[in-house]
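A short worksheet on the structure shown next.
Read-outs: derived from the displayed coordinates by stated rules, not from any lab. Just so you know, these numbers come straight off a predicted model, no measurement behind them. Note: ideal-geometry Cβ built from the backbone for every residue, glycine included; neighbour counts use all protein chains shown.
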Amino acid sequence: MLEESQKSDLLYRVNWPGIIAGLFTIALPFLGMWWQFELGTGAVVMALSPFGVESSIFGESVSSPLFLWITLGLKLAVVYLGVLLLTGSVLSVSNSHTATAELFVRFSARKLSWLVVAFVAGLLIFIVLANQLPEMVGLPFQLELPYLIGTSTLSAGVEGMHLTIPIVMNFTQAFGIAVVTAALGIVAWLYQKKTFIS
């Protein structure tokens, strides 16, 4: 009976939300882009995430080697955070490693939520500035980008001709996974605090 009670206590002390969040955090950089932008019918296509940019103009791929190195560093940092969260969540079963487990989870659990918030805030700032730009600089077209998701048009009038180009923006499934993973990270942090205190 004592063995059953010890097993139950060990299962209780494992940070299950942290294990799930850790695994998803490790996988997240490889799940694809988070947000997509399309101007015209495939004329300009851009897909973004903190881990990369995929862009093409009239079917020709455009990339920057410097940006590839920066995003590689961010990929490695997020995988590292996922490994720490996973390790801390498993180590919480051991009495001798409780402090280490708490440190790992406390350090890594909320970082992904900061990344998600920073990504969305960066997009919002870019969209607000892009919407203001034609008016501020006096460009001969009107631009009303939707805020993060939706459809809109770019309207330009040149020498009596009027041109309207559709714009489409949307978040991807990978972004949804990132949001759920970030939420699980916060749950894991709270769960670890509760287990550590008790």
>> Relative to 2.2 N^0.38 Å, what does the C-alpha radius of gyration of the range 49-144 come to as a ratio? Two decimals please.
In response: 1.63
>> Just to check I understand the Karplus step: with θ = phi - 60° and J = 6.51 cos²θ - 1.76 cosθ + 1.60, what whole-Hz values come out for the range 113-127, glycine and proline as x?
In response: 5, 5, 5, 4, 5, 4, 5, 5, 5, x, 4, 4, 4, 4, 5
>> Between 40, 88, 22, where does the largest GNM mean-square fluctuation fall for the chain, given springs only between Cα atoms within less than 10 Å?
In response: 40
> Calculated FRET efficiency, residue 80 and residue 163, Cβ-Cβ r, R0 45 Å, to nearest 0.05?
Replying inline: 0.40
> Using modelled amide H (1.01 Å from N, peptide plane; none on Pro or chain starts), what sits under 5 Å from the amide H of residue 44, excluding residues fewer than 5 places away?
Replying inline: 39, 58
>> Distance between the C-alpha centers of the range 73-116 and the range 170-196? Whole Å please.
In response: 12 Å
> Along the charge dipole of the chain, Cβ charges K/R +1 and D/E -1, which of 26, 61, 154 sits furthest on the positive end?
Replying inline: 26
> In angstroms, what radius of gyration and Dmax does the chain have, counting Cα atoms only?
Replying inline: 22.6, 88
> What is the magnitude of the charge dipole of the chain about its Cα centre, with +1 placed on the Cβ of each Lys and Arg, -1 on the Cβ of each Asp and Glu, and no other charges, expressed in debye to the nearest 20?
Replying inline: 780 debye
>> Give me the tail of P(r) for the range 7-77 as a percent: Cα-Cα pairs with distance above 19 Å.
In response: 52 percent
